[in-house]
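Bear in mind these aren't lab numbers, they're just calculated from the coordinates by the rules spelled out. These numbers come from a predicted model, not from an experiment. Methodologically, a virtual Cβ is constructed for each residue, glycine included, from the backbone with ideal geometry; neighbour enumeration extends over all protein chains shown.
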Amino acid sequence: MTRHESRQEAFCLLFERIFSDATMEEVMETAVEGREASLSKYTVELATTADSHQEEIDAIIEPKLNKWKLNRISKVSLAALRLAVSELYYEENIPVQVVISEAVELTKRFSGEEDASFVNGVLGAVARDLEKK
């Protein structure tokens with residue numbers, strides 16, 4: 001499984017988790033059983049890291065939403081943003097542009113251009129803050 005495929009599957013798990021009170025482990029189990037998802041080690045790492053740091057990640061995202069609240073943005077955008085911010089902050093040796101590009105592509109695929117532009121703008125602001133650190 002490529003890193004792109006692993007990211008896509010992690011994105012799907014995070015998206016599913018938004019609508020569930022189940023733990024990430026339960027969401028992963030259901031994905032494997034229900035839709036025969038293939039979960040690579042990297043997929044599991046990405047999904048569990050983003051899920052376990054969700055409060056911190058949301059605190060990074062929300063100030064960048066420019067008059068929006070997390071509960072008002074599309075769930076596709078939210079899942080893509082959580083995954084990307086998790087990668088930016090908790091994964092090593094992944095170029096910022098790769099993370100942003102992957103998040104934008106996932107958003108385009110599962111939502112559309114408008115949401116993809118929104119995700120790109122938010123992640124650009126997050127990346128600028130990260131550079132300052």
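Here is how the numbers come out for the structure above:
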item: Of residues in the stretch 63-89 being over 10 Å from the mean Cα position of the chain (by Cα) and under 14 Å from Ala127 (Cα atoms), the one surrounded by the fewest Cβ atoms within 10 Å (Cβ to Cβ); result: Pro63
item: Considering residues of the stretch 18-72 that are of a type in the set (S, T, N, Q) and in a helix (DSSP H, G or I) only, the residue farthest from Arg128 (Cα to Cα); result: Thr30
item: Unique match (being more than 13 Å from the chain's Cα centre (by Cα), loosely packed, with under 14 Cβ neighbours inside 10 Å and under 23 Å from Met24 (Cα atoms)) among Glu113, Glu131, Glu92; result: Glu92
item: Which listed residue, of Glu45, Glu9, is among the acidic types (Asp, Glu) and in contact with a helix residue (DSSP H, G or I) (Cβ under 7 Å, 6 or more places away or on another chain); result: Glu9
item: Residue check, Leu39 more than 18 Å from Ser6 (Cα to Cα), over 14 Å from the mean Cα position of the chain (by Cα) and surrounded by 15 or more Cβ atoms within 10 Å (Cβ to Cβ); result: no
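Per-residue answers, yes or no, for (1) more than 21 Å from Thr49 (Cβ to Cβ); (2) among the aromatic types (Phe, Trp, Tyr); (3) in contact (Cβ under 8 Å) with a residue 40 or more places away in the chain; (4) not in a helix (DSSP H, G or I):
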site	(1), (2), (3), (4)
Leu78	no, no, yes, no
Arg82	no, no, yes, no
Ser86	no, no, yes, no
Asn93	no, no, no, yes
Val98	no, no, no, no
Ser101	no, no, no, no
Thr107	no, no, no, no
Asp115	yes, no, yes, no
